[in-house]
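To keep things clear, I will list the structure first and then write my remarks on it.
The values are calculated or read from the model by the stated rules, or taken from the named source; none is laboratory data. Treat the numbers as computed from the prediction; the structure is a model and nothing was measured. Quick reminder, even Gly has a Cβ in these numbers, built from the backbone with ideal geometry, and neighbours come from all protein chains shown. With ligands, DNA and RNA removed, areas are computed over all heavy atoms of the protein, side chains included. Shrake-Rupley method; radii C 1.70, N 1.55, O 1.52, S 1.80 Å.
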Amino acid sequence: MADGKMGRVLAATHNQGKLREFRRILAPHGVEVEALSDASVVENAEETGETFAENALIKARAVHRAAGGAVVADDSGLCIDALGGRPGVYSARYLGEGTPYAEKMNGILKELEGVPEEKRTAHFACAIAYISEDGTERVFEGRCDGVIGPAPRGERGFGYDPLFYVGGRSFSELLDGEKDAVSHRARALRAFEAWLAENR
């Protein structure tokens, strides 16, 4: 594999929360995650896929074409059972792409008014697409099951984290290590790490 000694990968995201998680989880494995802004790369690929995996690959391919080198991209979202899996792949665009997450979460809570606690089940899903320097493509997926809480809670995390509860606490109340032990992104990244270890 052309990048068998891979020590650096370009992250196809402008989301600083995702970038921090990439760096935190991959750094112990000797992988340096470079931001698009540091590489002077603009990624504005339209997410037209019907699955998280398809969208992750769309983003990774756009950056790989623009910059070359190894690229990692994430597509993830919140899937709520009582809403038929919504917002799903449209999580970032729910109620409009520029809508603050506080408003998105309020919108979800309004949709769930009257839904009993036991039926507020949900999961976070994540697909990590990796394209090596030689163009090899792989997708790794992770999932975390939880429930939609009665209200946003906590000051940590990002996106829908304050509304997604696991074990009685929201993702925004978990310490980094606690979140990394269970999160959808961490699970997808661990699968990526395992593949890297086998293919170095």
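Brief remarks on what is shown
- Per-region count, region 42-56, residues open to solvent by less than 30 Å² (accessible area, probe 1.4 Å), more than 10 Å from Y90 (Cα to Cα) and modelled with pLDDT of 90 or more: 3
- Across region 78-101, the qualifying residues are those that are in a loop (DSSP other than H, G, I, E, B) and touching a Cys at 6+ places or on another chain (Cβ under 8 Å), and the one among them that is least open to solvent (accessible area, probe 1.4 Å) is G85.
- Screening N106 with (1) open to solvent by less than 40 Å² (accessible area, probe 1.4 Å); (2) among the polar types (S, T, N, Q); (3) without any contact (Cβ under 8 Å) to a residue 40 or more places away in the chain gives one miss only, at (1).
- Matching residues, region 124-140, being touching a residue at least 60 places away in the same chain (Cβ under 8 Å) and open to solvent by 30 Å² or more (accessible area, probe 1.4 Å): E133, D134, G135, T136, E137, V139
- Residue match in region 41-63 (condition: closer than 30 Å to D134 by Cβ, in contact (Cβ under 8 Å) with a residue 40 or more places away in the chain and hydroxyl-bearing (S, T, Y)): yes
- Single condition K119 does not satisfy, out of (1) surrounded by fewer than 17 Cβ atoms within 10 Å (Cβ to Cβ); (2) in contact with a Lys or Arg (Cβ under 7 Å, 6 or more places away or on another chain): (2)
- Scanning region 141-151 for residues that are assigned to a loop (DSSP other than H, G, I, E, B) and either under 24 Å from A73 (Cα atoms) or open to solvent by 60 Å² or more (accessible area, probe 1.4 Å) (or both) yields a total of 1.
- Flag if F158 is touching a residue at least 12 places away in the same chain (Cβ under 8 Å), under 29 Å from E54 (Cβ atoms) and either in contact with a strand residue (DSSP E or B) (Cβ under 6 Å, 6 or more places away or on another chain) or of a type in the set (K, R) (or both): no
- Checking region 62-69 against the condition returns a match, with at least one residue being modelled with pLDDT of 90 or more and closer than 22 Å to H184 by Cβ.
- Residue match in region 172-187 (condition: open to solvent by less than 10 Å² (accessible area, probe 1.4 Å), in a strand (DSSP E or B), touching a Lys or Arg at 6+ places or on another chain (Cβ under 9 Å) and of a type in the set (G, A, S)): no
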